[in-house]
Structure formats: C-alpha cells, structure tokens
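Visitor: Okay, handing you the structure first.
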Amino acid sequence: MGQIKPLDDVATILAKEPKDFSNILKTQLKSGLSYPKAREIALQIYFGNSPIYMEALKNPNNILGVEYLKALKRSNSSITPVTVKREYSEYNSPKIKNGITSSTGIREMIINEKNIHQVVPFETYEIIEKLKEKGNLLTSLKLFEKEIIYTLRKMSLMEISKLPDVSEGLENKIKQAVNTCIDLDTLINKIKSKRFTQTRIQRILLYALLGITKRDIQVSQKVTPYIRVLGFNNHGKRIISAIAEHNPKTKIVVSVKRFFETNKDINLQEMLMKDILATNIYTLKYKTDPIANIDYTHKILELK
C-alpha cells in the first residue's frame with residue numbers, strides 16, 4: 001500500500017495481543033468464523049473501522065508484510081522496514097498492464113500454454129522454456145494427488161494429528177474424506193470449512209506428503225536455520241561472502257555433500273533431509289531424467 005505506519009500498527013497489535021484485542025478475537029471465533037476472517041474483523045473493530053486500516057487488512061501482500069513486521073518485532077531486529085507500492089497488477093489478477101501481471105496470472109498463462117515472454121525477465125523466460133521442452137515444468141499440486149491420497153490413506157489418525165495445522169479433531173475429517181476420494185479437488189472440498197480454509201488444507205496435504213510433523217516445526221523454530229544457496233550472479237556472490245563474514249555461526253549451504261561432511265548439528269541435518277526429500281518427490285513428475293538426489297549432483301545456477 002506504500003505506507004508503513006498502518007502495517008506497523010497492525011503488526012504491533014498482533015505481536016503483543018493486548019487484552020482488548022484478544023477478547024474481540026475470541027468473540028469472533030466463537031461465532032464460527034475462520035481464524036483469518038475472525039482476526040481481520042477483530043482488527044477492524046479494534047481500530048474503529050478506520051478506512052486506512054481496513055485497506056491494510058484486505059490485500060494479501062499487506063497481510064504478508066504484517067507478518068514480516070511481526071517477526072522483526074518479536075526478534076527485536078534492528079532492520080528498518082520500508083514498503084514498495086504494488087502497481088499495475090493486483091494480487092491474483094490475470095490482467096496484463098505495462099508488461100506486468102501477477103504470479104497467478106503468469107501461472108495461468110503457462111497452464112494455458114500462452115507465451116509469457118512479455119511478463120517475465122528474459123533469463124526467466126529462457127529457463128521456463130527449457131523446462132517446458134524437457135517436460136519438467138510442474139504447474140500444480142494436483143500433479144501429486146495420487147501420492148498425497150496414498151500417503152494419507154496409509155497414515156493412522158494419530159500420525160495425521162501430528163501434522164502441523166491439524167487441530168480440533170481435524171484428523172478425523174481428513175481420514176474420512178481421503179478414504180472416499182480419488183482426486184485432490186474433491187478431497188479438499190470435503191475437508192475445508194469456514195474454520196479450516198482451503199489454503200490451510202493445502203498446507204496440511206503438503207506436510208503429509210513431505211513427512212513434516214509438528215515436532216519438525218518446533219525444532220526449526222529453536223535453531224538458527226541454514227541458508228540454502230540455489231543460484232547467484234556476481235553481485236549476489238559478494239553479498240553471500242559478506243553474510244558469511246559477518247555471521248560466522250550461520251551455516252551457508254553451497255554444497256549439500258560438504259555440508260553433511262562438516263556439519264555436526266543433527267537438527268540442521270534433519271531439516272536439510274526434508275529439503276532433499278522434497279526435491280526427490282518433485283522430480284517424480286519430470287518427464288526427462290526423473291532421478292533422485294539431484295541436490296547432490298546439480299551445480300548452483302550462476303547468472304551473469
């Protein structure tokens with residue numbers, strides 16, 4: 001939205017959760033609203049339905065910005081945040097204006113086999129075209145529906161209950177739905193509700209597919225995460241070197257093999273194994289070279 005103050009004010013309330021706001025939120029949740037909607041309405045009430053705050057709460061990009069600000073506050077960071085106003089294309093809009101569209105618009109163009117050269121940088125266009133030629137451009141979670149349904153059918157109720165975002169007996173609804181569905185859209189529609197949004201359900205399905213548990217999330221929050229370098233240009237290379245110099249305790253993964261040989265932190269090793277598993281599952285849908293363990297064999301992408 002181009003203004004930092006409304007976003008910062010909202011982040012402060014969410015980070016500190018004063019009693020007045022907490023009481024309003026509880027009232028909204030008791031009415032049966034989903035948590036995101038209940039929180040939005042609670043914030044509107046708390047800020048007296050001020051137009052500037054209502055605008056700040058509508059746009060998903062603003063909501064994401066609030067989450068970043070919350071993280072800065074909770075970690076007592078010295079970073080000074082700034083905003084960049086989004087122009088020409090709204091969130092999720094398929095419209096193209098001045099050569100700009102949303103990421104959703106770009107994905108829809110790819111799925112509908114439209115030329116995207118006018119809406120992405122040339123380097124990105126080249127990479128995507130090469131992936132399309134190889135049959136290795138994956139565009140939807142639906143490609144993995146059989147793997148997801150198989151995984152959930154194999155899991156017990158107790159195992160499903162240990163997935164992040166699963167609460168209030170949701171594991172029973174998931175198990176009942178997956179035992180009667182053979183496609184992803186039907187599965188999601190049977191599980192989602194006002195309280196459990198489609199986005200949340202999609203996250204849970206990915207957690208199941210990747211074997212990510214609540215314990216994994218707790219561990220990741222307690223350790224200083226590694227930085228996984230996938231590619232860089234010359235300027236990025238200098239930045240990475242500066243980060244390494246000023247943060248000697250932060251692990252920067254350039255070579256997966258070298259990391260496992262030198263790192264002794266079991267928690268970080270487990271986290272990186274999840275990364276590798278995700279890649280191995282992803283490449284199952286490659287039409288060309290659908291091999292495993294490319295994290296070990298593929299070199300970092302070096303751009304000019």
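The values are calculated or read from the model by the stated rules, or taken from the named source; none is laboratory data. Everything numeric here is computed off the predicted structure, so don't read it as measured data. Neighbour counts run over all protein chains shown; Cβ positions are idealised from the backbone, glycine included.
Visitor: Taking ASP185, is it of a type in the set (Asp, Glu) and either closer than 28 Å to GLU270 by Cβ or buried (at least 17 other Cβ atoms within 10 Å of the Cβ) (or both)?
Guide: Criteria not met by ASP185.
Rundown of residues vs (1) part of a loop (DSSP other than H, G, I, E, B); (2) touching a Gly at 6+ places or on another chain (Cβ under 7 Å), yes/no style:
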{"site": "LYS85", "(1), (2)": "yes, yes"}
{"site": "GLU90", "(1), (2)": "yes, no"}
{"site": "SER93", "(1), (2)": "yes, yes"}
{"site": "ILE106", "(1), (2)": "no, no"}
{"site": "ILE116", "(1), (2)": "yes, no"}
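Visitor: Does PHE260 fit the bill of being without any contact (Cβ under 8 Å) to a residue 40 or more places away in the chain and either out of contact with any Lys or Arg (no Cβ under 8 Å at 6 or more places or on another chain) or not polar (S, T, N, Q) (or both)?
Guide: For PHE260, the condition - without any contact (Cβ under 8 Å) to a residue 40 or more places away in the chain and either out of contact with any Lys or Arg (no Cβ under 8 Å at 6 or more places or on another chain) or not polar (S, T, N, Q) (or both) - is met.
Visitor: Let me ask another. Every residue in region 117-158 that is surrounded by fewer than 16 Cβ atoms within 10 Å (Cβ to Cβ) and more than 30 Å from ILE100 (Cα to Cα), please.
Guide: LYS146, GLU147, TYR150, ARG153, LYS154, SER156, LEU157, MET158
Visitor: Name the residues in region 238-263 that are over 24 Å from ILE276 (Cβ atoms) and in a helix (DSSP H, G or I), would you?
Guide: ARG238, ILE239, SER241, ALA242, GLU245, HIS246
Visitor: Quick check on my filter: what residues within region 78-92 are touching a Ser or Thr at 6+ places or on another chain (Cβ under 8 Å) and either surrounded by fewer than 11 Cβ atoms within 10 Å (Cβ to Cβ) or of a type in the set (D, E, K, R) (or both)?
Guide: GLU90
Visitor: Then there's this: Within region 46-62, take every residue that is at pLDDT 85 or above and surrounded by 15 or more Cβ atoms within 10 Å (Cβ to Cβ) and give me the one that is farthest from PRO6 (Cα to Cα).
Guide: TYR46
Visitor: Return the residues of region 194-224 that are more than 16 Å from the chain's Cα centre (by Cα) and over 18 Å from LEU152 (Cβ atoms); say none if nothing qualifies.
Guide: Those that are more than 16 Å from the chain's Cα centre (by Cα) and over 18 Å from LEU152 (Cβ atoms): LYS194, ARG195, ARG215, GLN218, VAL219, LYS222, VAL223, THR224.
A quick yes/no check of all residues on (1) closer than 16 Å to LEU209 by Cβ; (2) buried (at least 17 other Cβ atoms within 10 Å of the Cβ); (3) in contact with a Lys or Arg (Cβ under 8 Å, 6 or more places away or on another chain):
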residue: GLY169; (1), (2), (3): no, no, no
residue: ILE191; (1), (2), (3): yes, yes, yes
residue: LYS194; (1), (2), (3): no, no, yes
residue: GLN198; (1), (2), (3): no, no, yes
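Visitor: For PHE196, are the conditions met, namely being under 23 Å from ASP275 (Cα atoms), in contact (Cβ under 8 Å) with a residue 60 or more places away in the chain and among the hydrophobic types (A, V, I, L, M, F, W, C)?
Guide: Taking the combined requirement at face value, the residue does not satisfy it.
Visitor: Look through region 211-239, keep the residues that are surrounded by 15 or more Cβ atoms within 10 Å (Cβ to Cβ) and aliphatic (A, V, I, L, M), and return whichever of them is farthest from VAL166 (Cα to Cα).
Guide: VAL229
Visitor: Let me ask something else. Can you go through THR283, THR262 and tell me which one is closer than 29 Å to LYS142 by Cα and β-branched (Val, Ile, Thr)?
Guide: THR283
Visitor: Name the single residue, out of those in region 93-115 being loosely packed, with under 13 Cβ neighbours inside 10 Å and modelled with pLDDT under 85, that is nearest to PRO60 (Cα to Cα).
Guide: By that ranking, first place goes to LYS95.
Visitor: Restricting to region 149-200, and then to whatever is in contact with a Leu (Cβ under 7 Å, 6 or more places away or on another chain) and assigned to a loop (DSSP other than H, G, I, E, B), can you tell me which residue is nearest to SER31 (Cα to Cα)?
Guide: By that ranking, first place goes to LYS194.
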